[in-house]
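Presented below is the structure to which this report refers.
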Amino acid sequence: MAHIVSYVYILSAALFILSLKWMNSPVTARRSVLAGELGMLMAIVGTLLAFKVFNWEWILTAFFIGTAVGVPIAYIMPMTAVPQRTAMSHACGALAAALVGTAEFYRANQFHEILPTFVMVPLMLETLLGFLTFTGSLMAMGKLQEVLPQRPITYRGQNLTNFALFGIAAGLGVWLIVNPAQTWIFPIFAGLSLVFGVLLIIPIGGADMPTVIALLNSYAGLSACAMGFVLGNKMLVIAGALDGSSGLILSIIMCKAMNRSFTNVLFGAFGQLQVAHAHVEKRPVRSATPEEAASILDAASSVIIVPGYGMAVAQAQHKVRELFDSLMRRGVDVKFAIHPVAGRMPGHMNVLLAEADIPYDRLYGMEDINSEFAQCDVALVIGANDVTNPAARTDKTSPIYGMPILDVDKAHTVMVIKRSMNPGFAGIDNELYYMDKTLMLFGDAKTFVGEILKELPARAAA
Amino acid sequence: MSTDLEITLYIFMLATFLGLEVIRKVSPLLHTPLMSLTNAISAISVVGAIMITGAQGATTLSKVLGFIAITAAVTNIVSGYLITDRMLKMFKKPGGKK
């Protein structure tokens, strides 16, 4: 029986690969969930049947609790909280991998079985990555949920402390690999990994969350992959490697979209740097009422809406959909321009807009839409800031210089819904707001879009 | 002569390259569901957790650690697949007709 399960595992691995392949288009994406579920089911049932499994009461209770927790999370969680949920599931996945590694280490020691180096190396990697991703993801979750401050927390010698701590943990890991019988080292090693995870995420600001979430995703996957090496399970290696490479690709995309490197995201404390740089001076801006905004939108023939994290915070996506419907009915061509790092995780804006029933063929990525701003009548910015700042193109002294931006400033008229002139999270002044063709619409995104909507039907009747 | 370790390393290398190629083609539209899907898939570590917990003569420590690991992994599997499906259902077909 035990060798039949290897074939089941091969099928599972194939299903996981298909599952990811089908994610390349929204048309086939639903199928990909089915393939993933089937692969998982086969792997679990195969494992339970093929191996002489004892302690059923423990296993079944754990399955029951996991399901009881997982189902409500999936259905009750509002879409705006998806970044937090994702961080939480990185934490869960990493914890599972770390604990399996820990249990395996103590099991071998209990039977005075000396684990060979090729098992100890992945075991140490598994537990190191697992524990640091566990606490790191919890920190990220706290920041996203705003239980913890979103601003970077920095102190002098921070990078030095982190490097030193990591060095000690790595050193202990190597010691254990050479002397696996020194069990007393293991708790210290695990503890340091846990602490390192916290310290790694503390200095990271809210705007960098998309990259960090993707990176933690990659770590959690690699941890599971290392477990495959420890247990000699090739299907685990494949599934973990797929997850690891997925996280890696996403974080590379995020880094590129901010024109920054990994090291800069992890050790640069972006927000801090920018606050020091900020020089906010009072300059005149033009503002407009909802009535004026409505008449400009009504007269336009093409509108590009640029959503950002502010739209998510204000929960304005449903009002934005009503605006979209109303304008489309008037024959206005409405498109959405989505910057890769808009929001708090990769693809965050797309999910929110899809939730509000906006068809996905209206959502455009930065490269596809940038050439269209020059021909568009109105660009309406809702809760986005840095990704529209022309200073990224021209001002070499700006901290965001070189970051690819949406060319909102090329539209005929720009309207920006913003709560106040306070510089946003990053603390950089946005040149866009002072341009002659820019109208500032001051107010809460949801309320303001609602007021524009009230003005629109009145004009249609007139 | 290839040892088992070598074979596993080859598998790791190939799976990583395959992953990079497949994921590169995923539309940015779907990056959030992609992440919750890969999360659910990597909870395959539940297999390892089952083997630890269900081993004959497992110590209490093994059983407790394995129990927590299974609970965490199953939470990920269940919530990961369900929420991915819930998100994907929201992506309406072009044209927006319901």
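The values are calculated or read from the model by the stated rules, or taken from the named source; none is laboratory data. This one's a predicted model, so the numbers in the text were calculated from it and none came from an experiment. Neighbour counts run over all protein chains shown; Cβ positions are idealised from the backbone, glycine included. Calculation scope for accessible area: heavy atoms of the full protein, side chains included, ligands and nucleic acids excluded. Shrake-Rupley method; radii C 1.70, N 1.55, O 1.52, S 1.80 Å.
At a glance:
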| quantity | calculated |
| --- | --- |
| Residue-wise HN-Hα coupling along segment B:47-55, computed from phi with Karplus coefficients 6.51, -1.76, 1.60 (Hz; x: Gly, Pro) | 4, x, 5, 5, 5, 5, 5, x, 5 |
| log₁₀ of I(q)/I(0) at q = 0.11, 0.19 Å⁻¹ - segment A:1-76, Debye sum with one point per alpha carbon | -0.39, -0.93 |
| Solvent-accessible area lost in complex, 40 Å² minimum, residues of segment B:12-27 relative to chain alone, 1.4 Å | B:PHE12, B:ALA15, B:LEU18, B:LEU20, B:VAL22, B:ILE23 |
| Rounded to 10°, Cα long-axis angle of helix A:56-76 versus longest principal axis of chain A | 0 |
| Between helix A:82-110 and chain A: long-axis angle, C-alpha atoms, 0 to 90°, nearest 10 | 10 |
| Label point distance in nm, B:MET13-A:GLU57, each placed 7 Å from Cα along Cα→Cβ | 4.9 |
| Residue-normalised accessible area of segment A:290-461, expressed per residue, 1.4 Å probe, Å² | 35 |
| Crossing angle, helix A:117-144 versus chain A [Cα axis fit, 0-90 degrees, rounded to tens] | 30 |
| Loss of accessible area when B meets A, both sides summed, Å² nearest 100, probe 1.4 Å | 8200 |
| Share of carbon and sulfur in the accessible heavy-atom surface of the protein assembly as shown [1.4 Å probe, %] | 65 |
| Rg/Rh ratio calculated on Cα atoms of the protein assembly as shown (Kirkwood radius) | 1.02 |
| Per-residue [θ]222 nm for chain A (sum of -39500 (n - 2.57) over DSSP H runs n ≥ 4, rounded to 500) | -20000 deg cm²/dmol |
| Using θ = phi - 60° and Karplus 6.51 cos²θ - 1.76 cosθ + 1.60, couplings along segment A:350-357 (whole Hz; Gly, Pro as x) | 4, 5, 5, 5, 5, 4, 7, 6 |
| HN-Hα J in Hz across segment B:9-20 - Karplus 6.51, -1.76, 1.60, θ = phi - 60°, x for Gly and Pro | 5, 4, 4, 4, 4, 5, 5, 5, 5, 4, x, 4 |
| Above-threshold pairs, the threshold being 24 Å between Cα atoms, out of A:LYS52/B:LYS63; A:LYS143/B:LYS93; A:LYS319/B:LYS89; A:LYS21/A:LYS335 | A:LYS143/B:LYS93; A:LYS21/A:LYS335 |
| Distance (nanometres) between label positions extended 7 Å along Cα→Cβ at A:MET328 and A:ASN159 | 4.8 |
| For A:ASP333, residues with placed amide H under 5 Å, excluding near neighbours | A:SER302, A:VAL303 |
